[in-house]
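Since every read-out is calculated from the coordinates, none of them should be taken as a lab result. Bear in mind that the values here come from a model prediction, so they are computed numbers and not experimental data. Here the Cβ is made from the backbone with ideal geometry for all residues, glycine too, and neighbour counts use every protein chain on show.
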Amino acid sequence: MKRGTVPARRLGNRAVLATLAVIGAASMQSAQAFEGGVSPFPTGSTSEYIAALPPIAGLFAVQQFNYSSADGLYDNNGNKRPIPFKTDVYSATTRLLASYGVQWMGAKVYSQLVLPVVSLHTEVAGHGENHSGLSNITFTPLLLRWDVAAHTNVTFGFDFALKTGSYDAKRTSVAVGYNSYQPVLAIRHNDPDGLDLGISNRLLFNDKNSDTNYRSGTAYVADFIGGWNFGKWKVGVTGSYLNQFTDDRQNGADITGNRSRSFAMGPTVAYNAGTYSINMNYQRGLYAANTTKSNAVWINFAMPLWLGGPR
């Protein structure tokens with residue numbers, strides 16, 4: 001899962017701490033929007049699963065494996081800063097989707113649980129730190145799907161990214177130390193014999209971190225996909241766009257000039273066998289401001305765990 005990037009904070013000797021003090025003044029605030037540079041949502045993770053809610057009742061699983069890397073920090077103008085920086089992130093995420101086989105307000109009804117496990121390595125000025133563990137669990141109590149035309153549907157849900165997982169305010173962490181509330185509206189046209197176009201629109205409203213008195217700003221995230229189906233195969237492009245539109249705040253004061261913006265895109269290929277599907281995509285960071293350009297590889301498997309209930 002691409003959780004953003006985190007500059008090292010505790011590397012254990014005075015020389016390193018002195019180096020980090022200089023780096024911190026130059027980069028942690030002015031070039032790393034969101035607290036610690038970590039977004040509470042892994043941009044680009046939706047991809048093949050934008051508005052992809054099965055029309056039948058049952059319990060479904062998506063298993064996602066991700067590796068992402070970055071090798072630089074970028075300032076408010078999108079220019080790379082002269083600070084040695086590198087990060088590598090590995091993740092395995094399990095998404096469980098319950099389809100109830102009932103309708104409400106003309107929509108099919110679902111719930112979702114997302115369980116990410118992340119391993120993070122960060123290196124600043126030649127000094128590294130590792131952290132692994134459970135990241136923030138996301139729970140979606142109500143997801144709705146409206147079929148608005150042939151092969152076209154609209155979905156709406158409200159994700160709660162919970163203050164859970166392995167978080168420590170004194171070190172690099174694979175989780176954030178606050179809740180994030182995320183309404184999501186997506187639309188997808190996916191003709192099994194032709195065009196596939198989809199976009200997921202998400203807002204990130206973040207609580208204050210009570211450990212640090214820091215509140216990350218509000219942001220908009222769009223994950224998108226476009227491609228063409230050839231029988232069981234599909235090829236196309238996928239990516240993400242992030243735009244933070246309010247400032248971070250700490251101790252009641254705005255931190256100006258550090259709103260995060262990013263854009264990534266790359267090729268995707270999928271195979272749908274009916275009883276299961278496989279997707280692989282690569283998303284290259286093309287633009288970044290006050291964050292990093294992350295390059296990410298995703299391998300995703302989707303399958304039913306149980307089918308049944310009312311039809």
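Overview of values
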| quantity | calculated |
| --- | --- |
| Extended-chain gain in nm, criterion 0.36 nm per residue less alpha-carbon gap, Asp71 and Ala150 | 24.0 nm |
| Whole-Hz couplings from phi, Karplus 6.51/-1.76/1.60, listed for region 124-139; x for Gly and Pro | 10, 6, x, 10, x, 8, 10, 8, 9, x, 6, 8, 5, 6, 10, 10 |
| Rel. contact order, % - alpha carbon contacts under 8 angstrom, at least six apart, the chain | 21 |
| Whole-Å semi-axes of region 157-311's equivalent ellipsoid (Cα gyration tensor) | 34, 19, 15 |
| Cα-based Rg / Dmax (Å) for the chain | 19.7, 66 |
| In sequence order, calculated HN-Hα J values of region 108-118 (Karplus, 6.51, -1.76, 1.60; Hz; x Gly/Pro) | 6, 10, 9, 9, 9, 10, 10, 10, x, 10, 10 |
| Gaussian network model of the chain, springs between alpha carbon atoms under 10 Å - residue of Lys86, Lys163, Lys232 with greatest fluctuation | Lys232 |
| Of Asn136, Asn76, Asn290, the one that fluctuates the most in a GNM where the chain has Cα springs shorter than 10 Å | Asn76 |
| Karplus-derived HN-Hα couplings along region 72-80 (A = 6.51, B = -1.76, C = 1.60, θ = phi - 60°), whole Hz, x at Gly and Pro | x, 9, 10, 7, 5, 9, x, 9, 5 |
| Other-chain or far-sequence residues with amide H under 5 Å of Gly72's (modelled H) | Lys293 |
| Cα→Cβ-extended label distance, 7 Å offset, between Met303 and Asp168, nm | 3.6 |
| Extension gain, Ala92 back to Arg249 (0.36 nm per residue minus Cα-Cα distance, nm) | 53.4 nm |
| Cβ-derived FRET efficiency at R0 22 Å, Leu203 paired with Trp104, nearest 0.05 | 0.45 |
| Taking region 184-311 and dividing mean pair separation by its residue count, relative contact order in percent (alpha carbons under 8 Å, at least six apart) | 17 |
| For region 254-311, the fraction of alpha-carbon pairs in successive 10 Å shells from zero, as % | 19, 29, 23, 18, 10, 2 |
